[in-house]
1. Give the range 21-37 a look and list any residue that's in contact (Cβ under 8 Å) with a residue 60 or more places away in the chain and out of contact with any strand residue (DSSP E or B) (no Cβ under 6 Å at 6 or more places or on another chain), or say none.
2. Can you tell me which condition VAL93 does not meet? The list is (1) out of contact with any Gly (no Cβ under 9 Å at 6 or more places or on another chain); (2) buried (at least 19 other Cβ atoms within 10 Å of the Cβ), and all the others hold.
3. Taking the range 36-74 as the region of interest, how many residues are under 22 Å from GLY125 (Cα atoms) and of a type in the set (Lys, Arg)?
4. If you take the residues in the range 150-194 that are of a type in the set (Gly, Ala, Ser) and in a loop (DSSP other than H, G, I, E, B), which one is nearest to the chain's Cα centre (by Cα)?
5. Do we find a residue being farther than 23 Å from ILE150 by Cα, surrounded by fewer than 14 Cβ atoms within 10 Å (Cβ to Cβ) and not polar (S, T, N, Q) anywhere in the range 62-80?
6. Please note which strands (runs of 3 or more DSSP E) are completely contained in the range 25-137 and include at least 2 residues that are at pLDDT 95 or above and touching a helix residue (DSSP H, G or I) at 6+ places or on another chain (Cβ under 7 Å).
7. Among the residues of the range 138-189, write down those that are modelled with pLDDT under 95 and on the phi > 0 side of the Ramachandran plot.
Amino acid sequence: MRKLTYYIAVSIDGFIGGPAGDATCFLPFVDEELFAYLKANYPETMPTNGRQALGIDDLENQRFDTVIQGRASYDVALEMGVTSPYAHMRQYVVSRSIKESPDPAVEIVSGDVAEKVRELKAEEGGLGIYLCGGADLAGQLTEEIDELVIKTYPLVLRSGMPMFAADCDISEFTLESVKAFGNGVLVRKYTRKR
């Protein structure tokens, strides 16, 4: 069975971005050490245009071959004129307002998103599924999340978009690993306790 992994950047106080979802405050912390780690372990989580700009578009996917994201996350790409932000993976965008996909490589999911994720998880073979924001979608899919990979940046934002924004039951996860970087960033991996 394939896993759904919520891979996310977060402040010390649990926000994935400012009130409007802006997460550019985390970018100054992506130094050489952290970038080398992310490139080696999670290269597919970088959008295709970013991979191309960095000259790493030839890297094979390590952990994920499918990405699912919310409409607000997808809007960030659309605002830059990018209709297929993760061209190196199968792409799903959860939206009730987008009726027709602007790109044939992106499938719009407007119905039961948890059911769609269960279908994807039940597929044979392949790598995992990358849950790429946002907070509302993560809240809707809390029960389907098998793994958390949390990049915690040494910032306190005081307000903003939380990791999970929808009402959901309490879920318990087991800490699998912690990697600390010289710039104060931590990458923690948790597995759902079932």
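The values are calculated or read from the model by the stated rules, or taken from the named source; none is laboratory data. These numbers come from a predicted model, not from an experiment. Counting neighbours? That spans all protein chains shown, and the Cβs are built from the backbone with ideal geometry, glycine included.
1. Initially, the range 21-37 is screened for residues in contact (Cβ under 8 Å) with a residue 60 or more places away in the chain, giving 21, 25-26, 29, 31, 33-34, 37.
Across the range 21-37, the qualifying residues are CYS25, ASP31, GLU33, LEU34, TYR37.
2. (1)
3. 1
4. Going through the qualifying residues, I end up with ALA165.
5. Step one: filter the range 62-80 for residues farther than 23 Å from ILE150 by Cα, giving 78-80.
Of the ones still in play, those that are also surrounded by fewer than 14 Cβ atoms within 10 Å (Cβ to Cβ) are 79-80.
When the remaining residues are screened for being not polar (S, T, N, Q), the result is 79-80.
Yes, that holds for at least one residue.
6. The qualifying strands (runs of 3 or more DSSP E) are 64-70, 90-94, 128-131.
7. ARG158, GLY160
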